[in-house]
Amino acid sequence: MGRDRFPKQSLGSLYSRIKQSRVLMVGAGGIGCELLKNLVLTGFGEVHIIDLDTIDLSNLNRQFLFRHEHIKKSKALVAKETAGRFNPNVKLEAHHANIKDAEFTVDWFKGFNLVFNALDNLDARRHVNKMCLAAEVPLIESGTTGFNGQVQVIQRGKTECYDCTPKQTPKSFPVCTIRSTPSQPIHCIVWAKSYLFTEIFGTSEDDAAEFDHSEDAENAKEIENLRQESQALKAIRDSMGSDEFPRRVFEKVFGDDIKRLRSMEDMWKSRRPPEALDYDRVSQSASGIDPSISVKDQENWNLAENFVVFSDSLRRLSARLRDTQAKVSDGDAPPILSFDKDDVDTLDFVTASANLRSFIFGIGTKSKFDIKQMAGNIIPAIATTNAMTAGLCVLQAFHVMRGDMEKARMVFLTRSTERVISGEPLHAPNPDCPVCGVAQSKLVVDPTRATLNDLVESLLRLELGYGEEFSVNNEVGILYDPDLDDNLPKKLSDLGIKGDSFLTVVDEDDDNPRVNLVLSISEQPLPEDSKPVLLPEKVEVPRKPKAVAPAVEPAPPVANGVAHAPNAADNADLKRKRNASDIGLEDEQIKKRGKVAEETSHAVEEDLVVVEDSGNGAIVIDD
Amino acid sequence: MADSTPPPLHGPSSKEKKYDRQLRLWAASGQQALEDSHVLLVNSAGPGVVGVETLKNLVLPGIGHFTIVDPATVSEDDLGVNFFLDEESLGQSRAKRCYELLEELNPDVEGHYIAESIENLLEKPDFLSPYTLILLVAPIPARLIDIICRTAHQTGTPVFYIHSVGFYAHFSLLLPSAFPIVDTHPDPASTTDLRLLEPWPELSALVEEKARNLDNLSDYEHGHVPYVLLLLYYLERWKKEHNGQVPQNYKQKSEFRELVRKGARTNNPEGGEENFDEAIGAVLKSLHPSKLSSAAMEVFEAEECQNITKDSQTFWVIAAAIRKFYLDHKATPLPGAVPDMKAQSADYIKLQNVYKTRARADFHEVLQTVRTIEKNLGRTTSVDEKEVEAFCKGAAFVKLIRGRPFHIAGSKAGINWGHRAKFAYQALQDPSSLLPMYLGLLAVDTYHAESVDKPLDESSLLSYTSSLVDNLEREAAAAGSSTQDVDLTEAKTQVSQVVQELIRHDGAELHNISALAGGMIAQEVIKVITRQYIPIDNTCLFDGIGSRSSVLRL
Ligand SMILES: [Zn+2]
C-alpha cells in the first residue's frame, strides 16, 4: 500500500527499472510541463530538466507548473520546484541553461538512460539528436502544432534519427525581394520587422536570418544602392526624439526610397511600379483619427489609420529608447530595442509600417492580429495536445526501457475525428543520413602536442587505413584535404578544435569510399611516450552501401509542420528563439496568404497527416 | 532586450495575451462559449485521476466554472497517481483538495466542490440543472448513470462516460439528439469554391474582358491572366467543341488539361507561365459541379429543418433559409473567397470583387428568407446577421450529429446493441479492433452494477463477457448478419486477455494513461462546448500498450 501501489501494480517488473533510471528532459514548455508531471508520477528515479527560457504570460494557458507570480522566472527552476512538491521520492535537478552549452558534453549525455526532447526549435532538436547518437542514449522526440502532435523514438543504429528525413528549414527571402520588389504581404512584414525596425531601434550589424544573400552577386548594383539607403536611414536615426523624426523617417522610407526604386525602370517592366506616399497629404487625411485605433487588431486599417499608428508607435518607441539611454552609463553598449510580438509598441510599429509599404506596392494589407502571427511566428498551442503528446512520450519510454524496440512506434496525433491517435512502426536508419549514417568515435587529444598532421597521417592513414583522397572538416569548414595541407603542422588547439567539438572525416575515394567518420574530441594530457591523438576504442568505419539507395521519401507533412516548428512561446533556448522564431514564418501562413498555394508539397493539412497502418495504427471500422 | 523595456502603454488585455495561442484555434466566440460553461465532474469510487486531469486541461484554457463531486478522503494511494494532491492533503476531502489546486491554475476560473456521494445529491431533483456538461467517471453504479443520462438527455446536456484502468482508457459521449455544428473548421484546401462550371454574368464578363484576346496579349499580360479566368476561357472553348458540355470524367478532364497546357507560352526564359501552371494544377480539383456533401444534406433533410416552429433554435431557422436557397439555385450560397494566384494586383482585386459581390448577394437573399420565416412564425427575437453570414460561408461544411444514449451495462442480461449490432459484430471479427476492450469494460461495469467495492473476480467477468459476445451475435443475426462460418475464436481470446489485464490492474489508474486520456477527453469537451470542429461520435477507446486508439459509433 502507499504511494507506489498503483504504478507498481500496473507496471510490474518494469517499475523497479524505472525507479532506478536517470532521465533528461530538454525543454520545460508546453510538452515539458506535462511530461515532467508524468515522469514524476510514474516514478522515474532522477529527472534532469534543462531550459534556457523564462516564463511568459502567454505560457499560462497550458504550462500548468507556472503561475502568474512566476512570470520572468526560469522555467527549469520553477518546474522543478512545483513538480518536486508532488513526489518527494523523485530526485529532480534543474539547469537554467542552453542545451548547446559546452558543459553538456557527450559524456554528460551518457549519464542518462533516456533523453526526452520537449523542444520547439529545429536547431536544438538537431543538437540533442546528434549528442544522443554520439552518446548512444535513446531519445524520445516530440512536437506539437495546434491539434497535431508527434512522438518519435530514436536509437542509434536501430531507428531513423531526427535528421534521417529532410526537414524544412525556416523560410528566407532574397534581399532584393524584401528591399526592392516585394509582392506579398509577408515581404512587407519582413521588411518592417527585420529592416526598418532594426535599422531604427536595433543594431543593423546583426543581419537578420530571413535574408537570403545567395542572389546578391547577381544584383550587385542594387545591393550597393540598398547599402547606401541604409546608411542614410542611420543618419536620420540621430534625430530620434525630435518632433520632426516621424516625418523624416516617413519621407525617407515611404517617399525618397520609393522614388529611387521607381526610377529603376528595368525593375518595373514586368511589375507594377510602386507609388511613393506624400507625407503632407497622408497626414492631412489622417487628422482626427485617434491613435487608439491600434487596439482594433482584427480589422484591416486604411492608409490614414496605418499612418496614425505608424507615427504614434514611432513616438512611443523613441521615448522608450531615450529613457533607456538615459539610464545607461558610459562604456556600456548603447541600448537597443528588439521586436517582440508580445510587445505592443513594436507590434504596432511593424504592423503599420508593413501595411504602409503594402499600399505603396499595391499589395493587400493585413490586420494586426494576422501580422502578429506572421511576424512572431506564432504556432497555436493548447493544453490538450500537450497532455496527449507527453503521455505518448512516456508510453514509448516504457518500450525503450524494456528494450522492446519492436513495439515502439512513431505516433501521430491528428484532429481527425476518426483517428485521434495513430502510429506506424519505426523506420530503419537512412543509410545516406548525414547525421547517423556515419561511424562515430571519441578521439582523445593532447592539446599541448596534437597537430592536424598527427590526426591525418598517423591516425587516419596509418592506423585506420584511409587512402589519399579524404577531407577533415569541422563546423567552420574544411581543415584538410589533399589540396589544402597548410594546416597540417598546426596544433589542433590552434585550429579551434577544442574538447567536445566534432570533426567529420569524409572519404573521397572514388571506388569504395567509407561512410563519414565523426570524431568527438576529448582533451586530456597524454604521457610523452604515447601518441598525441588516439582512439580509446577500436573503430570500424564501414564502406558506403554500393547500391544507389532509394531516394529518401520526404517526411510525412506533420513532421514538417510539427516536429521542428519553431515556437517562440515555449522555447528552451532563448538566444535561438530570437533567431529561430523570427526567421520561421509559419508555412501555413505563407501558404495561405502568399502565392505559394500551388506548392502542394507544402500542404500541411491535417487530413494529409493520417498515416495508415492496418496492423498497429488506430483503426476505424464503420459502415 | 525585452527585460529592459518598460511595460507598454496600452495593448491587449492580459486575458487576450494569456489565451493568445488558443484564440488562434477557436477565436473569441469559442473562448466565450468556454467561459459560459459549467463542467461537473462526478467521481464516485476509484482513484478518479482521469477526471481531474481532464478538468486541468479545461481550467487552463479557461472554462467558466467547474464543480467536483467526490465523497472520498485523500489516502496514501492517491498521492502516487494524482498530481493535484500532496502530503498535506492526506485525510482531507479529495474533492476539496483537487478543487483548491485546480483553481490555482487559472484565477479566471471559478471552482466548486461537493464532498458527498452523487447518490445522495441526485435525490434533489434539480441537482444537475446548473451544469452545462457532465463528466462521469467509472466505477459508478449503473442505475446512477442511468438517472444522470436520462435527465441530461432531456435538458440537452452533454455527458461523457469515462474509464481509465491500467493501460486502458475509454470514453463515450452522449450528445443532444440534434447537435448541429456550423464552424467545422474544414481543411482550408477543400473549401475553395470557385463555381467554374456555373459562371454568372459578371464573372463571364470579366473573362471576356481579360481573356478574350488571349493570343494577342503581350507576354507580360499573358503571363498574368488569373488562372480562374484562364480556366473559364478554355471551358468556353471546350464547350463549343463538345455540344455545350463541360468535361465529364477523368479522361475528359485530362484532355481539357492538355488543352490548357497547350495554351501556355514557352518561348520565354522560364520555359512556361506560372498562371498556366496554376490553371493546370487546378483542373482536377476545381472542375466539379457544386454538390452538397452528405453531411450538409443530412442537415437540410432533417425534420427540424423542414418544420420550423416559433421555438426552433436559430441554427434551424438559418438552415431552413439556406435549404430554400439550395432548392431555388441548386447550390449553397457562394463563400466568396478567392485563393491567391499569379495576377496583376488590379485584376486580382476585380476578380475578388466579382466573387465577393456575388457572395454578398447570396447572403442577403438568405437573410431575407430568415427574416420572412421569423415574421411568418411570429418569432420575437431576430437572428444575428453575423450568424447568418457565418452559416452562409460554411454552408457546404455544416454537420449534424445525432446524439444517442451510450450503453449502460446495468444488468447481467447485457446490453442492447440496437441498429449498431451488425456493425459491432463486424468489428468483433476484425483482430485489430479495440472492441474487445470495450466488452471487457462493460463486463466490469456489470460487475460493479450493484456495488463498486468488491475486488474484481475473473470467472464472473469471463461469464459476463461471453454472454456479451453471445448476445451480440444473436442480435446481429437477427438484424441479418451472417453468423455462419464466422470464427470468433480470436475475438474471444482477445476478450479474455482484456479481462486478465483488467484483473491485474483491478481498478488501478496509471497516471500517465489518465493524463493522456484527460487530454483526449478535454479536447472533445472543448469541441462540444465551443461547437467548433467535429467531436467524436460516440465511443473512443485507447490502448496504451500499443499506443493506439479507435473511434467507434456504437
Ligand atoms: Zn539519421
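Checked against the criterion of being of a type in the set (Ser, Thr, Tyr) and assigned by TED's automatic domain parsing to the domain that holds B:Thr132, the candidates B:Thr493, B:Thr539 yield just one match: B:Thr539.
The single condition among (1) at pLDDT below 95; (2) open to solvent by 10 Å² or more (accessible area, probe 1.4 Å) that A:Asn61 does not meet is (2). Please enumerate the residues belonging to region A:82-104 that are at pLDDT 95 or above and in contact with a Lys or Arg (Cβ under 7 Å, 6 or more places away or on another chain). Answer for region A:82-104, where residues must be at pLDDT 95 or above and in contact with a Lys or Arg (Cβ under 7 Å, 6 or more places away or on another chain): A:Leu92, A:Ala94.
Would you mind stating whether A:Val445 is assigned by TED's automatic domain parsing to the domain that holds A:Asp507, in contact (Cβ under 8 Å) with a residue 60 or more places away in the chain and buried (at least 24 other Cβ atoms within 10 Å of the Cβ)? Full working, then the answer.
Details: assigned by TED's automatic domain parsing to the domain that holds A:Asp507: yes; in contact (Cβ under 8 Å) with a residue 60 or more places away in the chain: yes; buried (at least 24 other Cβ atoms within 10 Å of the Cβ): yes.
It is true that A:Val445 is assigned by TED's automatic domain parsing to the domain that holds A:Asp507, in contact (Cβ under 8 Å) with a residue 60 or more places away in the chain and buried (at least 24 other Cβ atoms within 10 Å of the Cβ).
Under the condition of being surrounded by 17 or more Cβ atoms within 10 Å (Cβ to Cβ) and touching a residue at least 60 places away in the same chain (Cβ under 8 Å), the residues counted in region B:474-501 number 6. Against the list (1) surrounded by 24 or more Cβ atoms within 10 Å (Cβ to Cβ); (2) within 9 Å of another protein chain (Cβ to nearest Cβ), the condition A:Ala375 fails is (2).
So which residues in region B:227-282 are part of a loop (DSSP other than H, G, I, E, B), over 18 Å from B:Asp215 (Cβ atoms) and touching a residue at least 12 places away in the same chain (Cβ under 8 Å)?
Kept after step one, since they are part of a loop (DSSP other than H, G, I, E, B), are these residues of region B:227-282: B:242-249, B:264-273.
Applying the additional criterion that residues be over 18 Å from B:Asp215 (Cβ atoms) yields B:242-249, B:269-271.
Result: B:Val246, B:Pro247.
Look at region B:99-117: where a residue is more than 14 Å from chain A (Cβ to nearest Cβ) and a partner is among the polar types (S, T, N, Q), sitting 6+ places away or on another chain with Cβ atoms under 7 Å, you get B:His112/B:Thr67; B:Tyr113/B:Thr67; B:Ile114/B:Thr67; B:Ala115/B:Ser93; B:Ser117/B:Ser44.
Restricting to region A:147-160, and then to whatever is in contact with an Asp or Glu (Cβ under 9 Å, 6 or more places away or on another chain) and either within 25 Å of A:Leu36 (Cβ to Cβ) or assigned by TED's automatic domain parsing to the domain that holds A:Phe502 (or both), can you tell me which residue is farthest from the ligand (Cβ to nearest atom)?
Pass one, region A:147-160, residues in contact with an Asp or Glu (Cβ under 9 Å, 6 or more places away or on another chain): A:147-148, A:150-157.
Of the ones still in play, those that are also either within 25 Å of A:Leu36 (Cβ to Cβ) or assigned by TED's automatic domain parsing to the domain that holds A:Phe502 (or both) are A:147-148, A:150-155.
On the way: A:Phe147: 28, A:Asn148: 23, A:Gln150: 17, A:Val151: 17, A:Gln152: 11, A:Val153: 13, A:Ile154: 8, A:Gln155: 11 Å.
Within region A:147-160, the match that is farthest from the ligand (Cβ to nearest atom) is A:Phe147.
Taken together, A:Asp120, A:Asp101 contain a single residue that is under 27 Å from A:Glu210 (Cα atoms), more than 16 Å from the ligand (Cβ to nearest atom), buried (at least 22 other Cβ atoms within 10 Å of the Cβ) and of a type outside the set (S, T, N, Q), which is A:Asp120.
Here is the figure for region A:117-168: residues that are away from chain B (no Cβ under 14 Å) and either in contact with a helix residue (DSSP H, G or I) (Cβ under 8 Å, 6 or more places away or on another chain) or part of a loop (DSSP other than H, G, I, E, B) (or both) total 33. Given the criteria over 25 Å from A:Leu395 (Cβ atoms) and away from the ligand (no atom under 13 Å from the Cβ), does A:Ser142 qualify? So A:Ser142 does not fit the description; no.
One residue is enough: does region B:296-306 have a residue meeting the conditions within 30 Å of A:Ile363 (Cα to Cα), part of a helix (DSSP H, G or I) and charged (D, E, K, R)?
If we filter region B:296-306 for residues that are within 30 Å of A:Ile363 (Cα to Cα), which is where we start, we get none.
Taking every residue of region B:296-306 in turn, none turns out to be within 30 Å of A:Ile363 (Cα to Cα), part of a helix (DSSP H, G or I) and charged (D, E, K, R).
Of note, A:Lys73 does not satisfy the criterion of being out of contact with any helix residue (DSSP H, G or I) (no Cβ under 8 Å at 6 or more places or on another chain), closer than 23 Å to B:Gly80 by Cβ and in the same structural domain as A:Ile31 (by TED's automatic domain parsing).
The rows are residues; the columns are (1) more than 16 Å from A:Phe147 (Cα to Cα); (2) modelled with pLDDT of 95 or more; (3) in contact with a Leu (Cβ under 9 Å, 6 or more places away or on another chain).
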position	(1), (2), (3)
B:Leu488	yes, no, yes
B:Val495	yes, yes, yes
B:Val499	yes, yes, yes
B:Arg504	yes, no, no
B:Glu509	yes, no, no
B:Asn512	yes, yes, yes
B:Leu516	no, yes, yes
B:Ala522	no, yes, yes
B:Ile526	no, yes, yes
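The residue that is farthest from A:Pro246 (Cα to Cα), counting only those in region A:309-327 that are open to solvent by less than 20 Å² (accessible area, probe 1.4 Å) and of a type in the set (A, V, I, L, M), is A:Leu321.
Only one residue in A:Ala381, A:Ala387 is surrounded by 24 or more Cβ atoms within 10 Å (Cβ to Cβ), facing chain B (nearest Cβ under 9 Å) and within 22 Å of the chain's Cα centre (by Cα). Which one?
A:Ala381
For A:Leu65, all conditions in the list (1) over 20 Å from the mean Cα position of the chain (by Cα); (2) closer than 19 Å to B:Asn512 by Cα; (3) aliphatic (A, V, I, L, M); (4) not in a loop (DSSP other than H, G, I, E, B) hold save one; what is the number of the exception? Exception for A:Leu65: condition (4). In region A:470-486, the residues that are under 13 Å from A:Val518 (Cα atoms) form Cβ pairs under 7 Å with partners that are surrounded by 10 or more Cβ atoms within 10 Å (Cβ to Cβ) and hydroxyl-bearing (Ser, Thr, Tyr), at six or more places apart or across chains, as follows: A:Ser471/A:Tyr480; A:Val472/A:Tyr480; A:Asn473/A:Thr504; A:Asn474/A:Ser501.
Give region B:115-133 a look and list any residue that's assigned to a loop (DSSP other than H, G, I, E, B), surrounded by 12 or more Cβ atoms within 10 Å (Cβ to Cβ) and either in contact with a Pro (Cβ under 7 Å, 6 or more places away or on another chain) or not aromatic (Phe, Trp, Tyr) (or both), or say none.
Of region B:115-133, the ones assigned to a loop (DSSP other than H, G, I, E, B) are B:115-117, B:122-132.
When the remaining residues are screened for being surrounded by 12 or more Cβ atoms within 10 Å (Cβ to Cβ), the result is B:115-117, B:122, B:127-128, B:131-132.
Residues satisfying the conditions are B:Ala115, B:Glu116, B:Ser117, B:Leu122, B:Leu128, B:Thr132.
Among the candidates A:Met405, A:Met401, single out the residue that is within 16 Å of the ligand (Cβ to nearest atom) and assigned by TED's automatic domain parsing to the domain that holds A:Lys19. Give the steps one after another, and end with the answer.
On the way: A:Met401 fails: within 16 Å of the ligand (Cβ to nearest atom).
Step by step, each of A:Met405, A:Met401 is checked, and only A:Met405 is within 16 Å of the ligand (Cβ to nearest atom) and assigned by TED's automatic domain parsing to the domain that holds A:Lys19.
Given the criteria more than 8 Å from chain B (Cβ to nearest Cβ), at pLDDT 90 or above and open to solvent by less than 10 Å² (accessible area, probe 1.4 Å), does A:Leu52 qualify? Don't jump to the end; show me each part of the working.
Details: more than 8 Å from chain B (Cβ to nearest Cβ): yes; at pLDDT 90 or above: yes; open to solvent by less than 10 Å² (accessible area, probe 1.4 Å): no.
Against the criterion (more than 8 Å from chain B (Cβ to nearest Cβ), at pLDDT 90 or above and open to solvent by less than 10 Å² (accessible area, probe 1.4 Å)), A:Leu52 does not qualify.
Condition (residue is more than 24 Å from B:Leu510 (Cα to Cα), within 8 Å of chain B (Cβ to nearest Cβ) and part of a helix (DSSP H, G or I)) applied to region A:349-356: is it met by at least one residue? Within region A:349-356, none of the residues are more than 24 Å from B:Leu510 (Cα to Cα), within 8 Å of chain B (Cβ to nearest Cβ) and part of a helix (DSSP H, G or I). Taking region A:416-445 as the range and being within 16 Å of the ligand (Cβ to nearest atom) and out of contact with any helix residue (DSSP H, G or I) (no Cβ under 8 Å at 6 or more places or on another chain) as the test, the residues that pass are A:Leu426, A:His427, A:Ala428, A:Pro429, A:Asn430, A:Pro431, A:Asp432, A:Cys433, A:Pro434, A:Gly437, A:Val438, A:Ala439. Residues that are modelled with pLDDT of 95 or more and in a helix (DSSP H, G or I) do not occur anywhere in region B:542-549.
Among the residues of region B:502-518, write down those that are among the charged types (D, E, K, R) and open to solvent by 10 Å² or more (accessible area, probe 1.4 Å).
Of everything in region B:502-518, those that are among the charged types (D, E, K, R) and open to solvent by 10 Å² or more (accessible area, probe 1.4 Å) turn out to be B:Arg504, B:Asp506.
Yes/no matrix, rows are residues, columns are (1) at pLDDT 90 or above; (2) within 36 Å of the chain's Cα centre (by Cα):
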| residue | (1), (2) |
| --- | --- |
| A:Asp454 | yes, no |
| A:Glu457 | yes, no |
| A:Arg461 | yes, no |
| A:Phe470 | yes, yes |
| A:Gly477 | no, yes |
| A:Tyr480 | yes, yes |
| A:Lys491 | yes, yes |
| A:Leu495 | no, yes |
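The values are calculated or read from the model by the stated rules, or taken from the named source; none is laboratory data. The structure displayed is predicted, hence computed values, not measured ones. For neighbour counting, all protein chains shown are included, and Cβ atoms are generated from backbone atoms with ideal geometry for every residue, glycine included. The protein model used for the area step is the full one, side chains on, heavy atoms only, and it has no ligands, DNA or RNA in it. Shrake-Rupley method; radii C 1.70, N 1.55, O 1.52, S 1.80 Å.
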